[in-house]
Amino acid sequence: MELSSKTCVPCRGGAPPLNGQELTGLHDQLNDGWEVIDEHHLRKEYRFENFGEALAYVTRIGGIAEEQRHHPDIYLAWGKVRAEIWTHKINGLTESDFILAAKFDDAMAEAPSEG
């Protein structure tokens, strides 16, 4: 089953964060551009033609995050959006973080062209 078709599962805490091969296996299922930073969080930067397109994307992924009840750090600047994802409750990565990342990539692929 593709990551983007799964649903994020709320973390109750106490579970160990993923590491090593578990991270590699999930990372390999993501589109290019996602970085695993210190086995702690995921990061990707998306590029846009202008501020309006970047803002529209933030609105889309914000809706996805709210729907999934999994809330990343999202940074907006002219022509770019950076997403950083991790599970705050365990201060590390879970499968849900990779699911959310895949959903963000799907939202990018489905973005209407404004040009």
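When you go through E35, E66 one by one, which is the residue that is touching a strand residue (DSSP E or B) at 6+ places or on another chain (Cβ under 8 Å) and acidic (D, E)? So that I can check it myself, show each step before the final result.
On the way: E66 fails: touching a strand residue (DSSP E or B) at 6+ places or on another chain (Cβ under 8 Å).
None of the others qualify; the one that does is E35.
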Contact list, first residue from the range 76-101 and touching a residue at least 24 places away in the same chain (Cβ under 8 Å), second anywhere and assigned to a strand (DSSP E or B) and among the aliphatic types (A, V, I, L, M), beta-carbon distance below 6 Å, six or more apart or interchain, is A83/I74; I85/L42; D97/L42; D97/I85; L100/I85; A101/L42; A101/I85
Listed by first then second residue, the pairs whose first member lies in the range 1-13 and is closer than 20 Å to M108 by Cα, whose partner is surrounded by 11 or more Cβ atoms within 10 Å (Cβ to Cβ) and among the β-branched types (V, I, T), with beta carbons under 6 Å and at least 6 positions apart or on separate chains, are L3/I99; K6/I99; C8/I99
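Results for (1) modelled with pLDDT of 95 or more; (2) in contact with a His (Cβ under 6 Å, 6 or more places away or on another chain); (3) of a type in the set (V, I, T), shown as yes or no for each residue.
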residue: R69; (1), (2), (3): no, no, no
residue: A77; (1), (2), (3): yes, no, no
residue: V81; (1), (2), (3): yes, no, yes
residue: K103; (1), (2), (3): yes, no, no
residue: D106; (1), (2), (3): yes, no, no
residue: A111; (1), (2), (3): no, no, no
Considering residues that are at pLDDT below 90 and of a type in the set (D, E, K, R), the number found within the range 1-27 is 1
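The values are calculated or read from the model by the stated rules, or taken from the named source; none is laboratory data. Keep in mind that what you see is a predicted model, and the values were worked out from it rather than measured. In this analysis, Cβ positions are derived from the backbone assuming ideal geometry, glycine residues included, and neighbour counts consider all displayed protein chains.
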